[in-house]
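The values are calculated or read from the model by the stated rules, or taken from the named source; none is laboratory data. These numbers come from a predicted model, not from an experiment. No Cβ is skipped: glycine too gets one built from the backbone with ideal geometry, and neighbour counts run over all protein chains shown.
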Amino acid sequence: MNDRHNKRSSILTNAPRPRFRAAWTAGIAVGLTLVACLSVGRGQDQPAPKPQAVPKAKAAAPANPNPKNGGLPAKRGPLTPPPKKVEKKALDPLLKAGAANDAMFHYIFKLTTPERVSLSAHYYPSRLADKAPVAFLIHEKDRSGRDFEEPIADLKGQTFAEHLQSLGYAVLVLDLRGHGANTRTPLTPRDWGAMLGDLQCAYRFLVERHNRGELNLAKLSVVAIGDGANLAAFWAAGPGGAVSSDDRPSDIAALVLISPMPEFVRYRFESAAASLAARVPMLILCGERDKESSKPVLAAKPLVERSRLSRVEMFPTSLHGFKLLRLEPKAATAITRYLETNAKLRLDEWEPRYNLLPSTISDITTARNAKAKPVPKPPAPAVKKEAK
């Protein structure tokens, strides 16, 4: 046993130790080199890290943004949209005059044309607002709009304008230039031709009242007498007559001509009637023995009555113009019935109109209608007596 132990110890003692150490050291070095190579290879396959963005510096707050709050920033309220701009309508000049305290009244004012001609006019408003039919009344030569404000026996003493207003119409009565309350001057054919523009100016006044919701121009009717009937016919037949914009037809729904004359400023009535027959419903009234109007009316009758909505009505009388309207029995009633059928009962709804050149009015006053009755006051409430 001792011999074996001694022999083993002698072998270990006598082993070459430096050589073993060198091999061990070389093996460790080779291993470290392989590990380093593998780590370098893996590093090349991975993408380079992205550079991080440098945060921007915050703007410095003002030294004292809100002095009333001890230098602290003001508190922000809930976000609200900016207020919308509200377009204000122009003030209605008729409102300055005020309304009469009576049941029925009308306005009296001056209408200024683009040519700076002042025309007297009377306007009878309607209570039907945007459903109201409209009546534009035109007098004859050497007369005035007062003809439509004279009592008529056929209407139980009411004037023609007041009667239409009582039926719900908005009524406009115009004094032609050189007539009525206007400046009286001798009229030339050029002045009569300029009256076509006067009628269009009066129509623009109605357009403005329409846009304010006081009437419905789709239910417009025109009633004209004598030379005024010729004037209305050529205005309606001409380009732009009673037209508010290029893409709309004429607003005239019914045209009533009383005792028209053979000619008007070198234009024959027959030509205007032929142009209007297919477009505008017409009612022509005339006396059979009227020497001035019977011939042109009878000549135009076949053209007018081609339309089922138009007709010619002859009365067995020699009365002419306003006298026919005022004195002939049932003449005024025939007109109101025709207007009701062709204008008042139309189903056209209210639509806005264009009014690029609004009319100018001045000297506005109000007047009570002749036949208007004051609004009755409500009875005072009865006071109950306490039982003792």
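Descriptive notes on the structure:
- In the range 275-318, of all residues being under 27 Å from L220 (Cβ atoms) and among the basic types (K, R), the one that is surrounded by the fewest Cβ atoms within 10 Å (Cβ to Cβ) corresponds to R308.
- Lone unmet requirement of (1) in contact with a helix residue (DSSP H, G or I) (Cβ under 8 Å, 6 or more places away or on another chain); (2) surrounded by 17 or more Cβ atoms within 10 Å (Cβ to Cβ) for Y338: (1)
- Pick from the range 214-258, criterion among the charged types (D, E, K, R) and assigned to a helix (DSSP H, G or I), ranking: nearest to G168 (Cα to Cα): K219
- Of all the criteria given as (1) within 21 Å of R346 (Cβ to Cβ); (2) more than 29 Å from the chain's Cα centre (by Cα); (3) not polar (S, T, N, Q), the one not satisfied by G228 is (1).
- Cβ-Cβ contacts under 8 Å between residues 6 or more apart (or on different chains), taken from a first residue in the range 331-349 that is under 12 Å from L167 (Cα atoms) and touching a residue at least 40 places away in the same chain (Cβ under 8 Å) to a second residue that is surrounded by 13 or more Cβ atoms within 10 Å (Cβ to Cβ) and of a type in the set (F, W, Y), are listed as L339/Y169; K344/Y169.
- When the test is whether a residue is within 20 Å of L137 (Cβ to Cβ), crowded, with 18+ Cβ neighbours inside 10 Å, small (G, A, S) and out of contact with any Leu (no Cβ under 6 Å at 6 or more places or on another chain), G197 does not pass it.
- Filter pass, F234 being of a type outside the set (S, T, Y), surrounded by 24 or more Cβ atoms within 10 Å (Cβ to Cβ) and at pLDDT below 95: no
- Considering only residues in the range 201-231 that are crowded, with 24+ Cβ neighbours inside 10 Å and either free of Cβ contacts under 8 Å to residues at least 40 places away in the same chain or of a type in the set (S, T, N, Q) (or both), the one that is farthest from N342 (Cα to Cα) turns out to be N230.
- Number of residues in the range 308-340 that are among the polar types (S, T, N, Q) and closer than 21 Å to P133 by Cα: the value is 3.
- Answer residue from the range 154-213, given it is in a loop (DSSP other than H, G, I, E, B) and charged (D, E, K, R) and is modelled with the highest pLDDT among those: D175
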